[in-house]
Amino acid sequence: MNIQYLGAYTSLTTLVVGIPVLMIFYMIPVFASFNIIVAKAAKLLPNYNMNIILQKVFIGEGISIESTYSLVVISVWIIMTAAAYTYNKIGLDK
């Protein structure tokens, strides 16, 4: 998806559109400990799952089979981002 569809034509308007979206993505994992519904939504975000993996690594547990869900969520987000980038560069017509 092209950012121009959101009305962001210059770098200033990109910041105005992008910063609130990024803040929401970064704050959802923080609020996950306060609300069950937000926790369920946070389980689908890559930064929440990366936080879980890093907490386990820093404790000394390492990455084990229990981290499979987190790794799958992160991988799906990477694949979706790569697909969106490729679609934006190439398009469906080519």
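The values are calculated or read from the model by the stated rules, or taken from the named source; none is laboratory data. Remember, predicted model here, so these are calculated numbers, not experimental data. Here Cβ is always computed from backbone atoms with ideal geometry, including for glycine, and neighbour counts include all displayed protein chains.
Observations
- Identity of the residue in the stretch 58-71, touching a helix residue (DSSP H, G or I) at 6+ places or on another chain (Cβ under 9 Å) and at pLDDT 90 or above, that ends up surrounded by the fewest Cβ atoms within 10 Å (Cβ to Cβ): Tyr69
- The number of residues in the stretch 41-68 being under 22 Å from Thr81 (Cβ atoms), part of a helix (DSSP H, G or I) and not hydroxyl-bearing (Ser, Thr, Tyr) comes to 10.
- Pairs where the first residue, in the stretch 1-23, is farther than 18 Å from Leu45 by Cβ and the second is of a type in the set (Val, Ile, Thr) and modelled with pLDDT of 75 or more, C-beta under 8 Å, 6+ apart: Ile3/Thr14; Ile3/Val17; Leu6/Val17; Gly7/Thr13; Gly7/Val17; Ala8/Thr14; Ala8/Val16; Ala8/Val17
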